[in-house]
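This report concerns only the one structure given below.
The values are calculated or read from the model by the stated rules, or taken from the named source; none is laboratory data. Only a predicted model underlies this, so the values are computations on that prediction, with no experimental measurement involved. So basically every Cβ, Gly included, is an ideal-geometry build from the backbone, and we count neighbours across all protein chains shown. Keep in mind that these areas ignore ligands, DNA and RNA; they rest on the heavy atoms of the full protein, side chains included. Shrake-Rupley method; radii C 1.70, N 1.55, O 1.52, S 1.80 Å.
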Amino acid sequence: MGQENLSFVLEKPGSVKFEDQPIPKLASPYDVLVNVKFTGICGSDVHYWQHGAIGSFIVKAPMVLGHESSGIISEVGDKVTS
């Protein structure tokens with residue numbers, strides 16, 4: 001079975017892995033589901049990986065890295081108009 005929602009997970013400082021995550025469901029009629037094709041890893045992601053924290057935010061549980069993504073809209077809620 002192929003992976004459905006491959007994610008780059010920081011387990012703890014210096015330890016990352018790829019992990020299949022559940023595909024989210026639309027929770028609101030205004031939600032949009034995006035099939036992510038590419039994600040950038042930025043300086044804050046590298047800082048979390050190296051140090052486990054940025055300022056007062058300390059990673060205490062596994063965290064998905066990468067927040068600069070692009071993809072294709074695969075589902076829209078009933079109230080989405082544009």
If each K or R counts +1 and each D or E counts -1, the residues other than E4 whose Cβ falls under 12 Å of its Cβ total -2
If amide H atoms are modeled at 1.01 Å from N in the peptide plane, then the residues at a separation of 5 or more from V16, or on another chain, having amide H under 5 Å from its own are E11
In whole percent, the fraction of accessible protein surface over the chain that belongs to carbon or sulfur atoms, probe radius 1.4 Å, stands at 56
Accessible area per residue of segment 6-76 at 1.4 Å probe, in Å²?
-> 71
So, counting K/R as plus one and D/E as minus one, what does the shell of residues with Cβ under 14 Å around A27 add up to?
-> -1
Between V9 and A53, with labels modelled 7 Å along Cα→Cβ, what's the label distance in nm to one decimal, could you check?
-> 2.4
Please report, in debye to the nearest 20, how large the charge dipole of segment 6-76 is about its Cα centre when each Lys and Arg carries +1 at its beta carbon and each Asp and Glu carries -1 there.
-> 160
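Could you tell me the calculated FRET efficiency between F18 and V76, based on Cβ-Cβ distance and R0 = 22 angstrom, to the nearest 0.05? Write out the running numbers ahead of the final one.
Numbers: r = 28 Å, r/R0 = 1.27.
Efficiency at R0 = 22 Å is approximately 0.20.
How about segment 1-63: which GluC sites (Glu not before Pro) there are in a DSSP loop, with at most 14 other Cβ atoms within 10 Å of their Cβ?
Here the GluC sites (Glu not before Pro) that fit, given the DSSP loop and packing criteria, are E4.
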So what J values fall out for segment 28-40 if you push phi through Karplus, 6.51 cos²θ - 1.76 cosθ + 1.60 with θ = phi - 60°, rounded to Hz, Gly and Pro as x?
-> 9, x, 9, 7, 10, 9, 10, 7, 5, 9, 9, 9, x
